[in-house]
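The values are calculated or read from the model by the stated rules, or taken from the named source; none is laboratory data. Values in this document were obtained by computation on a predicted structure and should not be read as measured data. Just so you know, the surface numbers come from the protein's heavy atoms only, side chains and all, with ligands and any DNA or RNA stripped out. Shrake-Rupley method; radii C 1.70, N 1.55, O 1.52, S 1.80 Å.
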Amino acid sequence: MAHSDMPGSDLIDEDPRETISRLIVDEEARLRVRQADLATARNALVRLHDLGAAPAVPAITPITVEVAPALLRSLLDQTTGPVRNAVMRMDVGSGTSEDWMSYNLQVVREGKEQRTLYDDSVLESPLLAADIAEWAAAGERQRVLAGVPSEFVVYGDHAVVGPEVWGDPASQYVVVRDRMIVLAFVDLFDRLWSAASPIPARRGADQGEDEHLLDLLSRGFKDEAIARYLGWSLRTVRRRVARLMDELGAKTRFQLGAEAVRAGRLNASGTGSRSDTGPAAYQGSGTTPLQLGRRERSG
């Protein structure tokens with residue numbers, strides 16, 4: 001007996017291939033209706049969010065002089081990780097007001113980790129050197145680099161503050177909150193930090209010019225940075241290095257370091273590495289012949 005003759009049955013007696021084809025067509029039609037309904041619902045949710053939700057924080061926002069201190073204080077208070085600070089100049093920027101600088105300095109004294117990378121031009125000014133020494137005494141980790149590319153401050157991993165025009169600290173400042181951009185700045189700073197050198201100690205009253213020169217060489221400073229720091233010409237630096245090598249019987253800068261230590265003109269008790277923890281980064285005088293050797297190979 002055919003299915004169509006069974007009581008209560010609405011099954012159609014047809015070719016199975018036609019049945020399958022018809023069912024597929026019907027299901028595709030129902031899917032298209034459902035997709036249209038889902039699209040309508042999604043659009044309604046978006047409109048509902050726009051009507052009721054607070055506006056999103058812009059990824060990049062200009063900073064005015066009036067709001068800068070309060071904004072920077074808020075960013076600093078929210079930061080749990082290190083603050084990464086790249087400084088081209090110390091007299092220009094969004095955070096140069098006296099009240100803000102005093103607050104920032106106090107936070108560093110209380111234990112907030114702050115790493116600051118200074119352009120080596122700051123070595124030219126005794127007044128700036130005194131300011132840097134104050135920050136070092138507060139606990140700031142410091143290094144110096146020839147040619148810091150731009151001013152910027154990275155607050156943990158949630159915000160960056162810097163000039164709108166890259167490399168121009170006198171331009172309008174902005175705060176960047178886009179996470180991908182912030183992490184790119186973290187990577188940039190860390191690479192610059194790795195390439196930088198410790199800030200040299202100022203020459204003490206009992207330290208001669210030659211000993212100070214040896215100390216700077218041992219810290220990995222290039223001849224150009226030493227010339228800038230000491231106020232000498234590049235030729236003078238190289239002439240004095242050559243004279244010291246001749247005087248101590250050294251044929252290489254590595255040998256110069258070894259002979260200077262042997263002669264008691266260079267302290268070998270320190271690490272001579274790029275130490276950057278607190279006051280030691282500014283005042284430390286530890287040196288080793290190995291550092292002079294590294295200086296020689298790096299050119």
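For region 96-255, what percent of Cα pairs sit more than 29 Å apart? Looking at region 96-255, the distances longer than 29 Å represent 29 percent of pairs.
Computed with a 1.4 Å probe over protein heavy atoms only, the accessible surface of region 113-153 comes to 34 Å² per residue.
Considering only protein heavy atoms and a probe of 1.4 Å, how much of the accessible area of region 107-253 is carbon and sulfur, as a whole percent?
50
How would V174, V65, V25 line up by accessible area, probe 1.4 Å, largest first? Don't skip to the answer; put the middle values down first.
Details: V174 15, V65 125, V25 85 Å².
Per-residue accessible area, sorted high to low, gives V65, V25, V174.
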